[in-house]
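Below is one structure, written out as structure tokens; the observations come after it.
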Amino acid sequence: MHATIQKLLEQALSAVAKDASLATLASMDPQTERTRDARHGDFTSNVAMRAAKLLGQKPRELAQRIAAAIPEADIVHKVDIAGPGFINLTLSATAYREEMARVLSARQQYGSSESAQGRRVLVEFVSANPTGPLHVGHGRHAAFGASLANILRATGHHVDTEYYVNDAGRQMDILALSVWLRYLELAGIEFEFPHNCYQGAYCKTIAQTIASQSGTALTGDPAVLSQLIADESHEPEAKLDALIGCAKSLLGPEGFAIFFGAAIEEILGDIRDDLHEFGVDYDRWYSERSLTENNLIDNAISKLRASDLLYEKDGATWFRTTDFGDDKDRVVIRENGATTYFASDIAYHKEKCERGYDLLINAFGSDHHGYIARLQAALAGFGQPIDTLEVRLVQFVVLFRGSEKVQMTTRGGNYVTLRDLREEVGNDAARFFYVSRSNDQHLDFDLELAKSASNDNPVYYVQYAHARISSTLRKLDDSGAKLPLPNAAALAPLCENEELQLMRQISRYGEVVQTASDNRAPQMIVQYLRDLAAEFHSFYNAQRIIVDDPQVRDARCLLITATQQVLANGLALLGVAAPDTM
RNA sequence: GCGCCCGUAGUUCAGCUGGAUAGAACGCCGGCCUACGAAGCCGGAGGUCGGGAGUUCGAAUCUCUCCGGGCGCGCCA
């Protein structure tokens, strides 16, 4: 619909541009857009005002000339010049009725397009370290990433989703250590559990499982351990590293691997289940360890070295990321010979590109924003355009219980999990609520409010509209009447103001999906669905649907069927159910 | 100190690449069920879009500056 209007304006501009003094108009974009106020018609163009200055003309006169040149079309009811020089177009009721017919024949496809022409995109999101259950902050990432992937698909992108599993590194060693220490407690060994180990109850559960499967003999010499824990001469983090070393030497590589493996298997499995229940499934879970196993980190570093982008300083190897806009160079190989986390990420993102994606979108926590420049530098170092990687920052979720802010520390194990949240407020409310705000805004999530006043949650407002339509259509079905084919004749009776308003709203859907996709903005879908539901409820209260006149009844039933379809399509993008009863 | 994000109604937030009288929800006030689902609808009150300057025919939107808040600035991950 928007495209048709745009084309009409372009034709008008070309026609007016035949006058040599106005030739520039031929190359101008009319920039037609929806009006914000129905009194200004349906679409508007500001081209006359933009051109007026360039051409030294009066905007309203120019607008007149352009308006007069707009070709005759059935879908345009009238053209007005308003304000300083807007060209306003009001569409005919026929145009909207035709659009309803399109909704009803396209069904689930309505609103989707091929505008991105199969552009290959990889969306990476959540990627939380598997050191414990997902918390409410991760839930926001999951809801955002999954919805964004759906929206991108709806505009013709070929999208894959991926979770990067940080299954290597110190945090994982600390986790394995934490499990082992819980295991030792089970074996009856007494000591004070370090405060900077993972405190969560899940460590005990995993220890329990290992004990029941492998017995309680994997202790090494407890005296060494007790001595180390009691030793107060080291600062806590150094002591933690000493404990990890101690565990590895007491247990041997195989013994330590039992705890490491059990911990990651259990926790990653839990994360996978949790996300699946939340309606978030990935095309791929990418293991950080596999980078090492496949030698990808060394390969990446060699390639950078070959391009003369590395240098040695203070015993470490540095990557000249400042060549590509970063504010300081970054270490890739430490003085002790170990590669950094950044080195893994370089290899990972290089590999992503090699898999043939045109665009990489990463959803990061806002605390990682300092990481963007160096990652883009890494890709640039391999000759990729810097905008191959697009990072979307997701701001923190601040959790409240009533007016009390809930403090959360991962290692302390004191936090509300995504699972807790889902059980309390439900998947639908959680998914909808999470993406109702722009990702770069903080989200205050009050659990008490979400529980006690769930009726106030906008998701119910939208779902209610859908259920109400289902109910009305059941009523029609009970009466034995059948929906007619959505042709022009069947839709012809739709002419009441509320009907036109509703059709107008429905016909915006495809444009909203496109804009949401362009802006990576799922909240625009939320906003739209609320507007559509509101328009439907207004119509519902103003006009009776199942009336005696079969022509009017059928037309209205087609209209609400179209409404229902668009509500369902939009909710599907957000991963929220469209219920027939509530 | 430097960098990124943010500041819109009492509260929580929308505002699509600069458009016309800045919107919604919750809360508040007043109406609407002998009609398809009142989890709904209709009406009302409520604003110096943090302050100031600039660009523009036009600024919540772009630029600068100041104020206030969040986050980051490791050979951690």
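Listing for the model above:
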read-out: Modelled label reach - A:L55, point 7 Å along Cα→Cβ, region A:80-98 residues with backbone N closer than 14 Å; value: A:85-87
read-out: Neighbour cut-off at most 12 other Cβ (10 Å), DSSP loop, GluC sites (Glu not before Pro), region A:293-364; value: A:E335
read-out: MRE, 222 nm, helices only [DSSP H, n ≥ 4, -39500 (n - 2.57), over chain A, to nearest 500]; value: -17000 deg cm²/dmol
read-out: Sites matching GluC sites (Glu not before Pro) across region A:461-506 that sit in DSSP coil, with at most 15 neighbouring C-beta atoms within 10 Å; value: A:E496
read-out: Part-to-part distance (alpha-carbon centres) for region A:481-502 and region A:165-227, which is given in Å; value: 68 Å
read-out: Extended-chain gain in nm, criterion 0.36 nm per residue less alpha-carbon gap, A:D308 and A:A20; value: 98.1 nm
read-out: Spatial extent of region A:457-574: Rg and Dmax, with the Cα atoms as the point set, Å; value: 14.5, 46
read-out: Those trypsin sites (Lys or Arg not before Pro) in region A:75-156 that DSSP places in a loop and that have at most 16 other beta carbons within 10 Å; value: A:R119
read-out: Net dipole in debye of chain A [+1 Lys, Arg Cβ; -1 Asp, Glu Cβ; about Cα centre; nearest 20]; value: 1920 debye
read-out: Percentage, to the nearest whole number, of Cα pairs in chain A over 45 Å apart; value: 34 percent
read-out: Stokes-Einstein translational diffusion, region A:170-267 - Kirkwood Rh over all Cα pairs, 0.692 mPa s, 37 °C, in µm²/s; value: 249 µm²/s
read-out: Relative contact order (%) - criterion: Cα under 8 Å, at least six apart; region: region A:457-574; value: 41 percent
read-out: Cα gyration tensor, region A:108-169 - rounded (a/c under 1.5), prolate or oblate; value: oblate
read-out: Size of charge dipole - region A:88-208 - debye, nearest 20, with Cβ of Lys, Arg +1 and Asp, Glu -1, no other charges; value: 520 debye
read-out: A:S438-A:E277 pseudo-label distance in nm [points 7 Å out on the Cα-to-Cβ vector]; value: 3.4 nm
read-out: Listed pairs A:K328/A:K352; A:K204/A:K239; A:K303/A:K328; A:K328/A:K350; A:K204/A:K405; A:K18/A:K53 exceeding 23 Å between Cα atoms; value: A:K328/A:K352; A:K204/A:K405
read-out: Span per principal axis, largest first, for the Cα atoms of region A:2-91 (Å); value: 33, 24, 18
read-out: Cα centroid separation, region A:505-561 to region A:29-92 (Å); value: 26 Å
read-out: Residue (of A:T90, A:L304, A:A363) at the positive-pole extreme of chain A, dipole from beta-carbon charges; value: A:T90
read-out: Spin-label zone in region A:137-159 - amide nitrogen under 20 Å from a point set 7 Å from the Cα of A:F400 along the C-beta vector; value: A:137-140
read-out: Share of carbon and sulfur in the accessible heavy-atom surface of chain A [1.4 Å probe, %]; value: 48 percent
read-out: Residue (of A:N294, A:P222, A:V280) at the positive-pole extreme of region A:218-314, dipole from beta-carbon charges; value: A:N294
read-out: Theoretical gain in end-to-end length, A:A572 to A:D29 [0.36 nm per residue, Cα-Cα removed]; value: 192.1 nm
read-out: Positive dipole terminus of region A:2-91, leading residue within A:P71, A:Q6, A:A51 (C-beta point charges); value: A:A51
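The values are calculated or read from the model by the stated rules, or taken from the named source; none is laboratory data. It should be emphasised that the depicted structure is a prediction, and the values quoted were computed from it without experimental measurement. Cβ sites come from the backbone with ideal geometry, for glycine too, and all protein chains shown count toward neighbours. The accessibility values were calculated without ligands, DNA or RNA, using every heavy atom of the protein model including side chains. Shrake-Rupley method; radii C 1.70, N 1.55, O 1.52, S 1.80 Å.
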